Every structure is written in C-alpha cells, then in structure tokens.
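All of the numbers you see were taken from the coordinates with simple rules; none came from a lab. Here the structure is a predicted model, which means the values were calculated and not measured. Cβ: placed from backbone, ideal geometry, glycine included. Neighbour counts: every protein chain shown.
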Amino acid sequence: MNDLAQAIPASEPLTETQRVLNVFVAPGKTFDDIRRKATFWGPLLILLVLSVAYSFTIQQKVGWEQVFQNSIRQLPLAAQNAAASQSETMKTAQVKIAEIATYASSLLGLLFTAIIALVLWVTVNFGFGGKAKYGQVFAVSFYSWMVADIKFLLAIIALLAGLAPESFLLNNPVGSNIGYYLSTDTPLWIRSLCMHIDVFEIWGLVLTTIGISIIAKVSRGKAAAVVFGWWIVWILVKTALTVLPALVAVKH
C-alpha cells in the first residue's frame, strides 16, 4: 500500500496565475488548491488595478457630477424633487462621497468579502457540518467573484468606445442584467430586484457554491442552500433599503 501511494505523484501546486485562469475554465482545480494554501494575491492585485482604472475612466469620460445626476434620474419623481431641493453643499458632498467610494471600491470589496465569508463559514460549518477554515472560505469567495471584474472591464471598454455620459449608471454600468433594460417608469423595487438577475452575479454564485462544496467537504446541494439562501436574503434586504428613501421622500 505504501509503495502504491508513493507511485502516485501528488498534484503540483498551482501558481497564482494558474489559479486565476482556472477559475474561468476549471474552477475545481483552483478550489482544490485553496485547500492546500488559502492565498488570494492574484485576484487582489487584479481588483486593485481594475478599480483604479475604472474610477479614472469614469472621472475622465463621465465626471462625478454627471454620475450624480444620472443616479438622481433613476429615482421616482418625488425623490427627484426632494434631491433637487437639497442645498448645493449637500449635493457637492454626495458627489464627493461617490468619487471616494468608487476609488476605494477595492478596499470596500475586501471588507464586503470578509463579511460574506464569515457568514458562509459559520453557516456551512455549524449548520451543515462542513469542515472549512475561515481563510479558505474567504479565498474561495475572492476568487469566485473575479467574474464580476469582467463586468467592470466591459464598462471601461464601453466608456472608452464612446458611451454617452448621460447613459452611464454607476450602480449598473453594463447590460448584463434585466434591471438594466427597464425604464424609469418601472417601480424602483422591481428595477432593484431585477438588477440581481445578472449573468456575472449568478456565475459568481455558482462558482462560490462549487468552492464551498470542495473546501467544506459538503454536497453541492448543501453548499447551494447556503450560498443561494443568503443571496436571496441579501437581495430582499437590499431591495427594501433601495425603496425606503423613496417612500420617505413621498411622505414628506
């Protein structure tokens, strides 16, 4: 038996470049390698570079004031009127916040991923008998959501190709979801909900499910219950929070 074990070579560790490429073509190889070593330098570096490039392109091709105006036009009429009545100081502050948040999106992404990973780790280990380490879940989440980088790369290409500044939406820059194609006459909660019926978002969820299943050693069904279950909770909460400001504006 020992001779047989020695005759079977162990799989070669993957480089960060191989991990990144395999996420898109053979995700199981990347997630298996994360069980060996839960690093995430490849996707982190890509995120840092892409977030700066995305923010700079918006600044040059759209402008932060235009970004603010575009987002206001997506609101119901009552909310638009409420926004129009704000002082110039408040509008300037909101524009600046949007700029800072976009440039800091890589740091915000790290924080958001850390929270997501914590929720998934607790749920799969204590709710479904998984055996994953937190660092492994974090790395799986980070690699899985690299597919979202494609969305922002496409947004950069669209802006450089001449997309009208008035058409650009910071929170929904590419037509990869149903919400992108709905008019502003559609109720805000429906548009917010349909934004999550997104090619890249669902792709990321599928990859996360595969990764959680591998590193936690649970069935794909259990992993899917954890990942998609929390996703449904998240989009319902986010949709409610999106509608709330509009309701407040109507009451006033």
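Summary table
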quantity	calculated
For segment 26-251, with +1 on Lys and Arg beta carbons and -1 on Asp and Glu, the positive-most of Leu44, Tyr143, Trp121 along the dipole	Trp121
Per-peptide average of other Cβ atoms within 10 Å, ordering 138-149, 195-206, 102-113 highest first	138-149, 195-206, 102-113
Set of lysines near Lys29 by C-alpha distance (under 27 Å), chain-local residues within fewer than 8 positions excluded	Lys37, Lys131, Lys133, Lys151, Lys217, Lys222
Whole-Å semi-axes of the chain's equivalent ellipsoid (Cα gyration tensor)	39, 21, 15
Dipole magnitude of segment 26-251, debye to nearest 20 (Cβ charges: Lys/Arg +1, Asp/Glu -1, about Cα centre)	820
In Hz, Karplus ³J(HN,Hα) per residue of segment 59-67 (6.51, -1.76, 1.60; θ = phi - 60°; x = Gly, Pro)	4, 7, 9, 10, x, 6, 5, 5, 4
Whole-angstrom gap from segment 64-101 to segment 172-240, using each part's C-alpha centre	27
Cβ-based net charge around Lys91, under 15 Å, with every Lys or Arg adding one and every Asp or Glu removing one	-1
Longest to shortest principal axis, alpha-carbon extents of segment 146-252, angstrom	49, 41, 16
MRE, 222 nm, helices only [DSSP H, n ≥ 4, -39500 (n - 2.57), over the chain, to nearest 500]	-24000 deg cm²/dmol
